[in-house]
Amino acid sequence: MPRRFHDEDQLLPPAPMLRRSLAMIYDGLICIAVLLVTSWIYTMLAAFAIGFDRYEEMMTTGQMKADPLLSSVLFIVLYLFFGYFWTRNGQTLGMQVWRIRVQNINGVSISWSQALKRFMVASFALFLALLGLYNWGSWSLIIVLPGLFAAFWPINGESLTDRLSSSQLVRLPNPKQTAS
């Protein structure tokens with residue numbers, strides 16, 4: 001069920017690019033920690049299921065180099081991380097620090113399907129950037145950066161992720177401003 005925010009009667013301004021970027025960096029660091037813990041748990045479970053000696057042998061011979069199941073688990077965990085925070089209170093930890101929130105146009109929290117759309121668009125843009133960087137080096141950034149800007153740069157207050165998920169990223173007022 002969508003959650004109504006207390007400030008839904010106010011018209012909140014769109015979040016500026018600087019705040020969006022800083023929240024992405026902050027959340028990126030948290031995601032690295034979440035992925036490390038998830039990878040460790042997955043590795044321990046896989047080693048226990050296969051046998052620790054057999055698992056170590058598979059690791060040293062390179063048989064576990066590209067594990068599609070691990071990649072899928074990590075992708076799902078990241079979606080659940082973002083989806084939980086976005087649908088619960090509209091803010092990840094990085095968004096809370098930089099006082100921005102994702103919400104519907106009418107000021108209520110987004111649904112899980114909207115969170116999936118936001119996550120997929122952002123993941124696809126980042127995937128293309130990393131793929132280009134991996135295959136062609138830093139020269140690929142000349143080609144890929146316009147695509148990243150198109151996905152995340154707010155045009156008329158909405159980025160591509162906002163438009164495709166029918167949501168908006170708004171800047172919240174400072175607590176001092178609302179108290180007076």
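The values are calculated or read from the model by the stated rules, or taken from the named source; none is laboratory data. Treat the numbers as computed from the prediction; the structure is a model and nothing was measured. Backbone-built Cβ (ideal geometry, glycine too); neighbour counts: all protein chains shown.
Restricting attention to the stretch 16-28, does a residue exist that is among the small types (Gly, Ala, Ser), modelled with pLDDT of 90 or more and more than 26 Å from ILE155 (Cβ to Cβ)?
no
Picking from LEU130, LEU141, LEU148, LEU164, which residue would you name as being under 20 Å from LEU35 (Cβ atoms) and in a helix (DSSP H, G or I)?
LEU130
Give the stretch 155-165 a look and list any residue that's closer than 19 Å to MET120 by Cβ and at pLDDT below 90, or say none.
Of everything in the stretch 155-165, those that are closer than 19 Å to MET120 by Cβ and at pLDDT below 90 turn out to be GLU158, SER159, LEU160, THR161, ASP162, ARG163, LEU164.
Within the stretch 112-170, which residues are over 25 Å from SER71 (Cα atoms) and either touching a Phe, Trp or Tyr at 6+ places or on another chain (Cβ under 6 Å) or among the small types (Gly, Ala, Ser) (or both)?
ALA150, GLY157, SER159, SER166, SER167
Among the residues of the stretch 71-122, how many are buried (at least 19 other Cβ atoms within 10 Å of the Cβ) and without any contact (Cβ under 8 Å) to a residue 12 or more places away in the chain?
Residues that pass the stated criteria total 2.
Taking the stretch 139-175 as the search range and keeping residues that are out of contact with any Pro (no Cβ under 7 Å at 6 or more places or on another chain) and β-branched (Val, Ile, Thr), which one is surrounded by the most Cβ atoms within 10 Å (Cβ to Cβ)?
Out of the qualifying residues, it is THR161.
For ARG101, indicate whether it is of a type outside the set (A, V, I, L, M, F, W, C), outside any helix (DSSP H, G or I) and at negative phi.
yes
State whether the residues of the stretch 52-62 include one that is within 25 Å of LEU126 (Cα to Cα), modelled with pLDDT under 95 and surrounded by 13 or more Cβ atoms within 10 Å (Cβ to Cβ).
Taking every residue of the stretch 52-62 in turn, none turns out to be within 25 Å of LEU126 (Cα to Cα), modelled with pLDDT under 95 and surrounded by 13 or more Cβ atoms within 10 Å (Cβ to Cβ).
Identify, by number, the condition in (1) under 14 Å from the mean Cα position of the chain (by Cα); (2) at pLDDT 90 or above; (3) under 15 Å from PRO14 (Cβ atoms) that ARG99 doesn't meet.
So ARG99 meets the others, but not (1).
For the stretch 128-138, name all the residues that are under 19 Å from the mean Cα position of the chain (by Cα) and either surrounded by 13 or more Cβ atoms within 10 Å (Cβ to Cβ) or closer than 17 Å to ASP27 by Cβ (or both).
Matches in the stretch 128-138: LEU128, ALA129, LEU130.
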